[in-house]
Amino acid sequence: MTRITLSRFLIEQQREGGALPAQLRLLIEVVARACKAISHTINKGDLGGVLGSQGTENVQGEVQKKLDVLSNEILLEANEWGGHLAALASEEMDTIHLIPNRYPKGEYLLVYDPIDGSSNIDVNLSVGTSSRCWKHPRTLLPGMFRKRISFSPAADRLRRATRSMVPRRRSS
């Protein structure tokens, strides 16, 4: 049985009649690599000095773990320079993060929770990264992101303004 990597699967999907746009494929690969880096950081555990509380709260009023903040930084740094995104939002950030002008802007918006279930880490249970991307609503972006707005209203705005969420391919 031949194992198929994520990259190979995505490239094959892209080749099959353009079912997957190139920018979306690259975005998925960048997020996957960032998730691997987060996994390596989590695996270091207390030896890496990454366990415990950060001493701050996220936008939902939850105490941030050191790993929450570090994982958010990993995803942010991995995605901001690639040219695939126009903006990112995370429950670990107070505001939407616009891609800086020094980097090219992409056609997607990314919302993520860098470590979903981070409170489980201290008792050695499973955690994961959850994310969702939308097509960039070009006509709405300048007005939507003129001001820095908090995460929850930002996520709601992103959902309303981007009715064309990246479609999931259905298997036959």
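Name the residues in segment 93-102 that are touching a Leu at 6+ places or on another chain (Cβ under 9 Å), surrounded by fewer than 22 Cβ atoms within 10 Å (Cβ to Cβ) and either farther than 21 Å from Ser130 by Cβ or of a type in the set (Val, Ile, Thr) (or both), would you?
Leu98, Ile99
Quick check on segment 108-131: of everything there that is more than 13 Å from Leu67 (Cβ to Cβ) and crowded, with 18+ Cβ neighbours inside 10 Å, which residue is farthest from the chain's Cα centre (by Cα)?
Tyr108
Of everything in segment 46-61, what is without any contact (Cβ under 8 Å) to a residue 40 or more places away in the chain, surrounded by 14 or more Cβ atoms within 10 Å (Cβ to Cβ) and out of contact with any strand residue (DSSP E or B) (no Cβ under 6 Å at 6 or more places or on another chain)? Give them in sequence order.
Gly48, Val50
As an exercise: evaluate Ile99 against (1) of a type in the set (Val, Ile, Thr); (2) over 19 Å from Gln23 (Cβ atoms); (3) at pLDDT 80 or above and give the number of the one condition it does not meet.
Here Ile99 meets the rest and fails (2).
Hey, among the residues in segment 77-92 that are surrounded by fewer than 19 Cβ atoms within 10 Å (Cβ to Cβ) and of a type in the set (A, V, I, L, M, F, W, C), which one's nearest to His136 (Cα to Cα)?
Residue satisfying both the conditions and the ranking: Trp81.
Out of the residues in segment 60-82 meeting the condition of being outside any helix (DSSP H, G or I) and under 21 Å from Cys133 (Cα atoms), tell me which one is modelled with the highest pLDDT.
Among them, the one singled out is Trp81.
Give the residue that is nearest to the chain's Cα centre (by Cα), with candidates limited to residues of segment 1-23 that are over 17 Å from His84 (Cα atoms) and touching a residue at least 12 places away in the same chain (Cβ under 8 Å).
Leu6
For segment 18-34, how many residues meet the condition of being farther than 15 Å from Ser131 by Cα and surrounded by 18 or more Cβ atoms within 10 Å (Cβ to Cβ)?
Count: 1.
If I filter segment 100-108 for residues that are part of a loop (DSSP other than H, G, I, E, B) and among the hydroxyl-bearing types (Ser, Thr, Tyr), do I get at least one hit?
There is at least one residue in segment 100-108 that is part of a loop (DSSP other than H, G, I, E, B) and among the hydroxyl-bearing types (Ser, Thr, Tyr).
The values are calculated or read from the model by the stated rules, or taken from the named source; none is laboratory data. The shown structure was predicted, so the numbers you read here are calculated from the model rather than taken from an experiment. Every residue, glycine among them, receives a Cβ derived from its backbone with ideal geometry; neighbour counts consider all protein chains shown.
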